[in-house]
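J.: Please find one structure pasted underneath; my questions will follow.
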Amino acid sequence: MSESIKGMNMVWLSKTGLTNLNAGEGEANLVDIKKYKRMGKEYPYVSGQAMRYYIKEAMRRSLNSEEFMCIPNAQGETCANIEKCIACDLFGFMSAIKKGTKLPTFPEGHPGGAYTRVSPVKVSPAVGLLPFDENCVMDFLTRRKPQEVAGERVGDIVNVEIGTNIYKCGLAIDLIRVGREEDRTGETSAFKEIVEEKGRVERVKKVLEAIKFLTDYSKQARLLTDFTPDVICIAFQNRYSHRLQKLFEFEGGEKINQTRLKQILDDIKEYSEKILFGMISGVIENEEEVKQIFDSYGIETKTPAEVLKEAMDFMS
């Protein structure tokens with residue numbers, strides 16, 4: 001991994017079937033969908049916390065016998081060992097450490113108290129781009145339970161909001177911080193390497209692989225859908241920036257705003273050493289126009305799977 005590359009940014013669109021990816025507060029007999037309002041209209045979204053969980057679970061599925069991701073305890077605290085634990089390194093933590101506990105960053109023993117690590121992996125909520133009321137339906141299920149009278153069963157009818165949508169999702173990785181700990185004891189901050197270069201690269205590749213194989217979202221027992229990228233753009237940048245997250249904006253239905261696309265590409269090309277773009281057919285209405293714009297920037301349109309593989313190869 002080149003030292004000149006400070007960050008990796010990724011933004012993608014995913015078209016789902018009828019599902020409920022992230023329930024809201026709900027009521028006794030209602031399972032709703034999380035929603036946000038924009039200009040008086042409601043749109044569905046999946047929280048950033050849920051997105052982090054989905055990515056971590058996809059990574060956990062791919063662990064080999066020599067790799068480790070801890071499971072938080074009842075208080076939500078993790079092992080805080082960034083050398084050993086992939087999750088603590090990539091997703092940060094805030095833990096209470098006993099005095100004298102030896103960690104890679106405290107070989108003589110931690111002084112005791114709070115130990116915090118900022119997450120090198122940043123994720124956005126997945127925001128629906130189509131109005132909820134135009135793309136939803138109320139389904140119902142029966143929650144059955146044993147009745148006191150032997151041999152009889154009763155159940156409660158529960159309403160479940162489900163809908164289809166196109167979600168915009170984002171992820172950024174602060175590559176300088178992966179496998180490293182910031183040292184602020186001197187006059188200027190510096191990064192101490194805890195995980196060797198090969199291990200750092202493999203951890204970033206784990207995240208990319210997880211995006212390709214996202215599966216552990218909610219309600220999948222009876223509302224199965226796919227939430228992996230259908231349209232995706234990845235940029236490897238020599239300046240750490242989140243500007244790419246504004247790349248995809250809809251206008252006039254399911255069309256990507258071409259003016260916005262060009263403006264953001266113009267912005268990020270100055271500090272991006274590599275930009276990748278992929279898309280499958282049938283997701284957006286103006287796919288040919290979008291392909292032509294990327295072609296004009298010398299960026300070949302591939303499939304999302306090919307883009308993720310190329311990104312993993314580029315990391316090597």
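The values are calculated or read from the model by the stated rules, or taken from the named source; none is laboratory data. What you see is a predicted model, and the numbers here were worked out from it, not measured in a lab. Reconstructed Cβ throughout: ideal geometry from the backbone, glycine too, with neighbour counts over all protein chains shown.
Yes or no, residue by residue, for (1) touching a strand residue (DSSP E or B) at 6+ places or on another chain (Cβ under 6 Å); (2) at pLDDT 95 or above:
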{"position": "GLU42", "(1), (2)": "yes, yes"}
{"position": "TYR45", "(1), (2)": "yes, yes"}
{"position": "LYS56", "(1), (2)": "no, yes"}
{"position": "ARG60", "(1), (2)": "no, yes"}
{"position": "GLU66", "(1), (2)": "no, no"}
{"position": "PRO72", "(1), (2)": "no, no"}
{"position": "GLY76", "(1), (2)": "no, no"}
{"position": "ALA80", "(1), (2)": "yes, no"}
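J.: Could you tell me whether the stretch 200-218 includes any residue that is of a type in the set (S, T, N, Q) and surrounded by 14 or more Cβ atoms within 10 Å (Cβ to Cβ)?
T.: Yes, there is a match, as at least one residue in the stretch 200-218 is of a type in the set (S, T, N, Q) and surrounded by 14 or more Cβ atoms within 10 Å (Cβ to Cβ).
J.: Considering the stretch 61-94 alone, what residues qualify as being more than 20 Å from the chain's Cα centre (by Cα) and among the basic types (Lys, Arg)?
T.: LYS84 - this is the single residue of the stretch 61-94 that is more than 20 Å from the chain's Cα centre (by Cα) and among the basic types (Lys, Arg).
J.: Hey, another quick one. Against the definition (within 20 Å of GLY48 (Cβ to Cβ), at pLDDT 80 or above and in contact with an Asp or Glu (Cβ under 7 Å, 6 or more places away or on another chain)), how does ILE166 come out, yes or no?
T.: yes
J.: For the stretch 1-53, name all the residues that are part of a strand (DSSP E or B), within 21 Å of LYS212 (Cβ to Cβ) and either basic (Lys, Arg) or free of Cβ contacts under 8 Å to residues at least 12 places away in the same chain (or both). Step through it out loud before you land on a result.
T.: Going residue by residue through the stretch 1-53, those that are part of a strand (DSSP E or B) are 7-15, 19, 23, 27, 30-31, 33, 35-38, 41-46.
Applying the additional criterion that residues be within 21 Å of LYS212 (Cβ to Cβ) yields 7-15, 19, 46.
The one that is part of a strand (DSSP E or B), within 21 Å of LYS212 (Cβ to Cβ) and either basic (Lys, Arg) or free of Cβ contacts under 8 Å to residues at least 12 places away in the same chain (or both): LYS15.
J.: Which one is modelled with the lowest pLDDT, of the residues in the stretch 171-191 that are surrounded by 12 or more Cβ atoms within 10 Å (Cβ to Cβ) and more than 30 Å from ALA50 (Cβ to Cβ)?
T.: ASP183
J.: When the residues of the stretch 96-115 are narrowed to those that are surrounded by 15 or more Cβ atoms within 10 Å (Cβ to Cβ) and under 18 Å from ARG180 (Cα atoms), which ends up nearest to the chain's Cα centre (by Cα)?
T.: It comes out as TYR115.
J.: Please determine, by comparing only the residues of the stretch 58-91 that are of a type outside the set (A, V, I, L, M) and not in a loop (DSSP other than H, G, I, E, B), which one is surrounded by the most Cβ atoms within 10 Å (Cβ to Cβ).
T.: Of the stretch 58-91, the ones of a type outside the set (A, V, I, L, M) are 60-62, 64-68, 70, 72-73, 75-79, 81, 83-85, 88-89, 91.
In the following step, the residues that additionally are not in a loop (DSSP other than H, G, I, E, B) were identified as 60-61, 88-89, 91.
Numbers: ARG60: 16, ARG61: 12, CYS88: 22, ASP89: 27, PHE91: 22.
Restricting to residues being of a type outside the set (A, V, I, L, M) and not in a loop (DSSP other than H, G, I, E, B), the top hit is ASP89.
J.: Sticking with this one: Among the listed residues ILE299, ILE264, ILE275, which satisfies the condition of being more than 18 Å from GLY128 (Cα to Cα), buried (at least 17 other Cβ atoms within 10 Å of the Cβ), without any contact (Cβ under 8 Å) to a residue 24 or more places away in the chain and β-branched (Val, Ile, Thr)?
T.: Being more than 18 Å from GLY128 (Cα to Cα), buried (at least 17 other Cβ atoms within 10 Å of the Cβ), without any contact (Cβ under 8 Å) to a residue 24 or more places away in the chain and β-branched (Val, Ile, Thr) holds for just one of ILE299, ILE264, ILE275, which is ILE264.
J.: A further question follows. Would you mind telling me which numbered condition in (1) of a type outside the set (Ser, Thr, Tyr); (2) closer than 20 Å to TYR43 by Cα; (3) modelled with pLDDT of 85 or more LYS219 fails?
T.: Every condition holds for LYS219 apart from (3).
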